[in-house]
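To keep things clear, I will list the structure first and then write my remarks on it.
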Amino acid sequence: MPHSSKLRSVVRGVGAYLPEKILTNKELAELVNTSDEWIVQRTGIQERHIAAKDETTSMLGAHAARAALAEAELKAEDIDLIILATSTPDWTFPSTATQIQAELGVHQGVAFDLQAVCSGFVFALATADKFLRSGSHKRALVIGAETFSRIIDWTDRTTCVLFGDGAGAVVVEASDSTGDRHERGILTTHLRSDGRHRSKLHVDGGPSATQTVGHLRMEGKEVFRFAVGQVTDVVKDAFAATGLTADDLNWFVPHQANQRIIDMSAHKLGIAPEKVIATVHLHGNTSAASVPLALSVARQDGRIKNGDLVMLEAVGGGFTWGSALVRW
Ligand code: UT7
């Protein structure tokens, strides 16, 4: 449903953090039987960042959150809601969001983790939007942070070339609105999941099932087919709910898993190639961090301006998938 309440969630700042170490395709070709040519042709990925041994998801997330707060010109004490999307928490518990809360010096409000794998950021943004529009909370930090390098099987060439580590964050604030779709803020969000697809993209370990952390396993072709075939539905839902079209968009910021998926999805939706934000070549697939990382790059380089209409879209394990249409 399009949002009609008197409150709207307006994005005030975006920030990102990438670990220092860069792992190139050429370096990967020394670890497994692969090549720069294969990885670039099939995925568009050229390099990815890898967290240092002592660098955890909460540290990456806290860096990104500080950067988002700086752009918003806000302080820790202004935040009363922190939602962290991650599938690579520091510990089984407590939540990584509470670790970030402590690290930032936020002592009020509530912080919790949200698990929707690569769709996590869009799910977290939609959740924060519902909190803010209800009037229960005023300013949220929505963070996607991941250290997928810790759950990768580094001997499996079909997955280890695809993923990277990183974090991105936005500050979202409840603001008065007349409900006009030209005013700033999140206009509509659409989330979906279908648990029948677990085996196609999963981690083969967990505290309850195996008492281990496990490794990522993926049937790449099946995920590819689903991502291109099904996921465009939630984008169409966002257009239908608002009466806006692909032509009205300034930017399309999809989950960054594979350049071919990004291109095919945009084509299917009738979104012009020059409106597509792609950072997969530099970051690889950073799961829940991928959309806010791409947002941060496009905000920093001046592409996304206040007032622009931005469509966010993501798909991940479960399967989960979702969209958020934002007037920046
Ligand atoms: O965040 C959401 C999660 N993930 C995704 O969205 C990923 C979705 N899937 C994909 O992006 C693609 O399916 C992949 C990039 C994973 C694979 O691309 P593909 O075009 O579907 O390749 P394929 O799996 O059909 O493999 C083609 C060939 C195979 O060899 P044979 O059987 O043709 O001899 C693979 O064994 O490429 C081989 N291969 C590789 N060769 C070199 C698989 N991985 C590699 C590799 N280097 N890293």
Among the residues listed as Pro19, Pro94, the single one being surrounded by fewer than 24 Cβ atoms within 10 Å (Cβ to Cβ) and under 21 Å from the mean Cα position of the chain (by Cα): Pro19
Sort out which residues of segment 21-64 are farther than 17 Å from Arg260 by Cβ, in a loop (DSSP other than H, G, I, E, B) and in contact with an Asp or Glu (Cβ under 9 Å, 6 or more places away or on another chain), and write them in order of number. Val32, Ala51, Ala52, Glu55, Thr56
Selection count, segment 228-258, where residues are open to solvent by 50 Å² or more (accessible area, probe 1.4 Å) and within 20 Å of the chain's Cα centre (by Cα): 5
Taking segment 194-227 and the residues there that are closer than 15 Å to Cys118 by Cβ and small (Gly, Ala, Ser), the one that is most open to solvent (accessible area, probe 1.4 Å) would be Gly220
Take Ala62 and tell me if it is within 16 Å of the ligand (Cβ to nearest atom), free of Cβ contacts under 8 Å to residues at least 60 places away in the same chain and crowded, with 16+ Cβ neighbours inside 10 Å. no
Is it the case, given these coordinates, that Val280 is touching a strand residue (DSSP E or B) at 6+ places or on another chain (Cβ under 7 Å) and modelled with pLDDT of 95 or more? no
Within segment 259-268, considering residues that are hydrophobic (A, V, I, L, M, F, W, C), touching a Pro at 6+ places or on another chain (Cβ under 9 Å) and under 17 Å from Gln41 (Cα atoms), the one surrounded by the most Cβ atoms within 10 Å (Cβ to Cβ): Ile262
Can you tell me which of Asp113, Asp129, Asp153, Asp90 is in contact with a Pro (Cβ under 9 Å, 6 or more places away or on another chain) and either modelled with pLDDT of 95 or more or of a type in the set (D, E, K, R) (or both)? Asp113
Quick check on segment 97-106. Is at least one of its residues assigned by TED's automatic domain parsing to the domain that holds Gly13, touching a residue at least 60 places away in the same chain (Cβ under 8 Å) and open to solvent by less than 40 Å² (accessible area, probe 1.4 Å)? no
Against the definition (open to solvent by 50 Å² or more (accessible area, probe 1.4 Å) and closer than 19 Å to Val14 by Cα), how does Ala70 come out, yes or no? yes
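Residue-by-condition table, conditions (1) in a loop (DSSP other than H, G, I, E, B); (2) in contact with a Ser or Thr (Cβ under 7 Å, 6 or more places away or on another chain):
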{"position": "Ile100", "(1), (2)": "no, yes"}
{"position": "Val106", "(1), (2)": "yes, no"}
{"position": "Cys118", "(1), (2)": "no, yes"}
{"position": "Arg133", "(1), (2)": "no, yes"}
{"position": "Ser136", "(1), (2)": "yes, no"}
{"position": "Ala145", "(1), (2)": "no, yes"}
{"position": "Thr159", "(1), (2)": "no, no"}
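The values are calculated or read from the model by the stated rules, or taken from the named source; none is laboratory data. Computed from a prediction, not measured in an experiment: that's the story for all the values here. Note that each Cβ is placed from the backbone with ideal geometry, even for glycine, and that neighbours are counted across all protein chains shown. In case anyone asks, the SASA skips ligands and DNA or RNA and just uses the protein heavy atoms, side chains included. Shrake-Rupley method; radii C 1.70, N 1.55, O 1.52, S 1.80 Å.
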